[in-house]
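Each value in this text was obtained by applying a stated rule to the coordinates, not by laboratory testing. Just so it is clear, the structure is predicted and the values come from calculations on it, not from any experiment. Virtual Cβ from ideal backbone geometry, glycine too; neighbours counted across all protein chains shown.
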């Protein structure tokens with residue numbers, strides 16, 4: 001069966017999935033399979049699945065607004081400082097245009113698009129399990145300060161505060177946002193929504209120049225415990241990872257290949273934007289924790305609370321981070 | 001004696017389908033929930049007995065009581081709106097005329113839409129960037145910039161949700177009140193007219209007392225529905241800002257399913273169910289007392 005990769009560790013820990021290590025670990029295809037997927041498909045050095053589908057986050061930028069603001073549309077920002085500088089210039093254009101987008105009420109949107117800014121800045125977010133420390137590294141506070149400054153400087157729309165994920169996919173295509181963290185799914189959506197908009201894709205940067213990261217999401221193929229058809233499932237996994245399927249099924253439909261060595265193909269070459277977003281697979285990661293929903297994805301969880309306090313209040317950031325850390329540790333230690 | 005036993009068996013035979021239905025869809029799930037509340041169970045691991053631990057945890061869980069307090073506040077505000085509004089609408093459409101019949105139908109149509117669909121519709125209407133409400137208010141000059149209706153200010157969010165729920169359910173109360181009003185014999189209306197009663201006097205001294213039972217039933221249903229509110233808050237605010245619009249059932253849902261704590265969720269559900277039962281009993285006792 002296919003399952004959201006982010007919850008795989010929980011099911012692996014509960015021994016609800018078939019251990020496939022002896023059947024598949026020697027496959028050469030797995031050497032180039034998405035690192036994020038393989039991380040969460042592994043539990044205590046045992047392998048439980050292979051990638052089924054990949055989503056990655058990247059920085060989408062509006063080339064038309066870049067040109068209007070006097071920025072080079074072929075030179076996207078490579079650091080958060082540059083994002084700020086560019087955003088200031090784009091916001092100065094006025095007319096309801098803002099330089100950046102920060103979803104205020106959506107935990108998932110934020111781990112997808114703000115999480116990589118923290119990773120790219122050398123910091124860690126989630127607690128993997130009992131005893132593990134969350135929110136480690138100076139990058140956490142630096143990125144939170146950066147987001148607070150972006151909000152205070154007026155570089156994001158006020159309405160971003162209400163975004164709970166329902167209209168997230170429509171924001172970039174509106175043409176009113178200069179730069180935005182979003183996913184590969186937005187290439188087609190933005191083209192449908194705003195066919196005349198010229199846009200580019202870059203990697204989500206960190207504090208330091210040329211640092212970058214991405215959130216690798218998507219699904220795994222796994223086998224539930226008790227299945228009578230493990231062999232058939234394994235054959236299907238082999239089929240999915242084959243060269244032919246990677247190119248003629250995934251790439252042809254402009255879906256990301258789940259093997260990084262298959263990114264160079266004729267279909268992606270005809271679609272440079274897809275090729276650009278595929279680069280995110282090489283710098284991407286997937287959070288690994290047994291309590292992802294409660295720590296990160298929950299609307300009542302500490303991750304969203306921390307971000308909302310950083311974006312919209314003047315609370316001391318050390319306190320904000322400490323409070324979130326304590327809550328995430330409590331959850332992870334259950 | 002033969003006929004008594006036979007008629008007894010016949011009665012049981014007629015009752016059996018309903019009894020089976022109640023056993024399967026009410027008694028068994030309730031018993032199962034009670035059992036779950038005494039266990040630690042994630043659904044993907046075997047359940048383990050923990051006695052009253054879940055209940056002890058629930059009573060010490062600040063977030064649950066904050067959510068419960070918010071749910072009570074929401075219920076206290078929306079219930080009078082639905083009852084008074086529904087009753088006034090029923091009075092308005094109680095006489096037969098084409099316009100009144102059209103009004104009756106128009107007000108009732110949203111009742112048949114699912115609450116989830118209605119909430120999604122209103123989420124989009126209230127959307128800051130794409131919604132029609134802000135657009136209309138700005139075009140009419142009522143506001144100069146978009147209002148952040150959902151997920152920023154708890155009170156504004158609650159009022160927006162109350163508006164959406166009122167639109168959806170007020171027709172239900174209207175129809176029930178309408179039935180009760182139209183059941184009053186015409187002679188009573190005529191007698192009050194002959195006595196020189198004004199419209200207001202007829203409503204307060206004749207119609208309202210004769211429809212009081214229906215008012216109390218509708219109030220009870222409305223209170224229970226509001227105490228169990230979930231869909232509209234899940235979809236429209238997801239409990240934001242900062243969990244200030246998270247209702248009790250929202251919290252029960254999060255614990256039971258995404259957090260995989262079925263046992264704890266069951267304990268929270270039991271506390272909620274017993275509270276609602278207590279409210280219901282008090283309300284029924286007050287109703288009986290008022291009739292006595």
In whole percents, the bins of 10 Å from zero upward hold the Cα-Cα pairs of chain A as 6, 26, 33, 24, 10, 2, 0
Over region B:56-126, consider all pairs of different Cα atoms and compute the Kirkwood hydrodynamic radius from their mean reciprocal separation; express it in Å, one decimal. 15.4 Å
Per residue, the convex hull volume that the Cα atoms of region B:162-292 enclose (Å³): 133 Å³
Strictly greater than 22 Å: what percent of every Cα pair in region B:31-175 meets that? 61 percent
Each residue of A:291-302 has, on average, a number of other protein chain C-beta atoms within 10 Å of its C-beta equal to 4
Quick one: Cα convex hull volume of region B:2-62, Å³ per residue? 149 Å³
Inter-chain shielding of B:151-157 (mean C-beta neighbours from other protein chains, 10 Å cut-off): 3
Using the alpha-carbon atoms, what tilt in degrees (0 to 90, nearest 10) does helix A:230-241 show relative to the longest principal axis of chain A? 40 degrees
Could you list B:4, A:258 so that the one with the fewest beta carbons within 10 Å of its beta carbon is first and the one with the most is last? B:4, A:258
Counting only helical runs of four or more DSSP H residues, what would the 222 nm mean residue ellipticity of chain A come to if each run contributes -39,500 (n - 2.57) and the total is spread over all its residues? -10500 deg cm²/dmol
Rounded to two decimals, what ratio of Rg to Rh does region A:271-333 give with C-alpha atoms and a Kirkwood Rh? 1.15
Mind checking the angle between helix A:138-152 and chain A's longest principal axis? C-alpha axes, 0 to 90 degrees, to the nearest 10. 40 degrees
Pick out which of A:322, A:14, A:54 has the largest mean-square fluctuation in a Gaussian network model of chain A, springs linking Cα atoms closer than 10 Å. A:14
Using the alpha carbon gyration tensor of the protein assembly as shown, what are the three equivalent-ellipsoid semi-axes (square root of 5 times each eigenvalue), largest first, in whole Å? 51, 34, 23
Which of A:181, A:154, A:226 fluctuates most in a GNM of chain A (C-alpha springs under 10 Å)? That residue is A:226
At 1.002 mPa s and 20 °C, Stokes D of region A:170-250 from Kirkwood alpha-carbon radius, µm² per second: 130 µm²/s
Compute the distance in nm between two label points, each set 7 Å from the Cα along the Cα-to-Cβ direction, one at residue B:199 and one at residue A:235. 7.9 nm
Per-residue mean of other chain beta-carbon atoms within 10 angstrom of the beta-carbon, peptide B:124-131? 5
Measure out, as a whole number of angstrom, how far apart the alpha-carbon centroids of region B:137-168 and region B:95-113 sit. 26 Å
For region A:66-174, evaluate the Debye formula with one uniform point scatterer on each Cα (no solvent term) and list log10 I(q)/I(0) at q = 0.12, 0.16, 0.19 Å⁻¹, rounded to two decimals. -0.47, -0.80, -1.08
Spin-label point model (7 Å from Cα, Cβ direction): what's the residue A:169 to residue A:25 distance in nm? 3.8 nm
Show log10 I(q)/I(0) for region A:229-305 at q = 0.16, 0.21, 0.22 Å⁻¹, two decimals, from a solvent-free Debye sum over equal Cα scatterers. -0.76, -0.87, -0.90
Residue list for region B:139-183, given a label point 7 angstrom along the Cα-to-Cβ vector of residue B:121 and an amide N cut-off under 18 Å: B:160-175
Förster-model FRET efficiency, 51 Å R0, residue B:84 and residue B:20, C-beta, rounded to 0.05: 0.80
List the residues of region B:197-214 whose backbone N lies under 12 Å from a point placed 7 Å from the Cα of residue B:191 along the Cα-to-Cβ direction. B:206
Give me Rg over Rh for region B:242-292, both radii from the alpha carbons and Rh done the Kirkwood way, two decimal places. 1.23
Between region B:215-292 and region A:246-282, the Cα center-to-center distance that results, in Å: 49 Å
For chain B, just the Cα atoms, rotate onto the principal axes and tell me the three extents in Å, largest first. 82, 72, 31
In degrees rounded to 10, the 0-90 angle between helix A:317-332 Cα long axis and the longest Cα principal axis of chain A is 20 degrees
Per 0.36 nm of contour for each residue apart, how much would the distance between residue B:76 and residue B:113 grow if the chain were fully extended, relative to their Cα-Cα spacing? 10.9 nm
Distance in nm between label sites at residue A:44 and residue A:210, each 7 Å beyond Cα in the beta-carbon direction? 4.3 nm
Report the residue, chosen from B:104, B:32, B:261, that carries the largest GNM mean-square fluctuation when chain B is represented by alpha-carbon nodes joined by springs under 10 Å. B:32
Cut-off 17 Å (backbone N to label point 7 Å along Cα→Cβ of residue A:85), residues of region A:129-159: A:150
Cα centroid distance between region A:104-147 and region B:54-89, in Å? 35 Å
Extension gain residue A:15-residue A:176, at 0.36 nm per residue separation less the Cα-Cα distance, in nm? 53.2 nm
Counting pairs of Cα atoms in region B:1-113, how many percent are more than 25 Å apart? 65 percent
Put in order of increasing Cβ neighbours within 10 Å, starting from the fewest, A:188, A:113 give A:188, A:113
